[in-house]
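See structure below.
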Amino acid sequence: MGARRKARECALQMLFAADVSNVSGQRLVHDFWGELSSDIDLPTRQFADNLVIGTLDRLEDIDNKIRTRAEHWRIERMAVVDRNILRLAVNEFLFESTPHTVVINEALEIARRFSTYEATQFINGILDAIKQDLEKENPEKVDTEPDASEPEDDAEISETKKASSG
């Protein structure tokens, strides 16, 4: 598993904890890494921390983006894991340089691990619609291929997805 996938999975676990315990972002991050017994390198931790704190700081805006595309679904009625996968992905769409296609692929892989088959379809539909909205709003930022500046594991995941879908 790539470092960025591991960071996203850790971020999901932290957001899950935040959702059920209502703890501040900084406290959550501190407690999470204090309890984790495995070796996770500093860049992976930093990426996870940025995702969590960014998502929590921008939660209202992120949830509004999700609401626009989650027809007939209230955010609070979604499964906790699914809503937090969506939140992480939308935060990454808006505030990270990761190509949107890679963000969606990563969200789906994480959903396959932590949620259900039906959830992957639900998440894919919402994220794809938000991706299209963002591309209409900002056409110069339309996804192409991941470039050489993308972290290696994200670029590999994108290539793997294209190969398996083609």
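The values are calculated or read from the model by the stated rules, or taken from the named source; none is laboratory data. Just so you know, these numbers come straight off a predicted model, no measurement behind them. Quick reminder, even Gly has a Cβ in these numbers, built from the backbone with ideal geometry, and neighbours come from all protein chains shown.
Below is a table of values for the structure above.
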{"read-out": "Qualifying residue in segment 139-146 (condition: in a helix (DSSP H, G or I), at pLDDT 90 or above and touching an Asp or Glu at 6+ places or on another chain (Cβ under 8 Å))", "value": "no"}
{"read-out": "Checklist (1) more than 16 Å from the chain's Cα centre (by Cα); (2) at pLDDT below 90 applied to D41, failing item", "value": "(2)"}
{"read-out": "Subset of segment 111-138 [modelled with pLDDT under 95 and outside any helix (DSSP H, G or I)]", "value": "T116, N138"}
{"read-out": "Helices (runs of 4 or more DSSP H) (entirely within segment 21-110) containing at least 2 residues that are within 25 Å of D133 (Cβ to Cβ) and not charged (D, E, K, R)", "value": "42-57, 59-69, 80-95"}
{"read-out": "Search result, residues across segment 43-84 that are of a type in the set (D, E) and either surrounded by fewer than 14 Cβ atoms within 10 Å (Cβ to Cβ) or touching a Gly at 6+ places or on another chain (Cβ under 6 Å) (or both)", "value": "D57, E60, D61, E71, E76"}
{"read-out": "Conditions (1) surrounded by fewer than 14 Cβ atoms within 10 Å (Cβ to Cβ); (2) touching a Cys at 6+ places or on another chain (Cβ under 7 Å); number of the one not met by S21", "value": "(2)"}
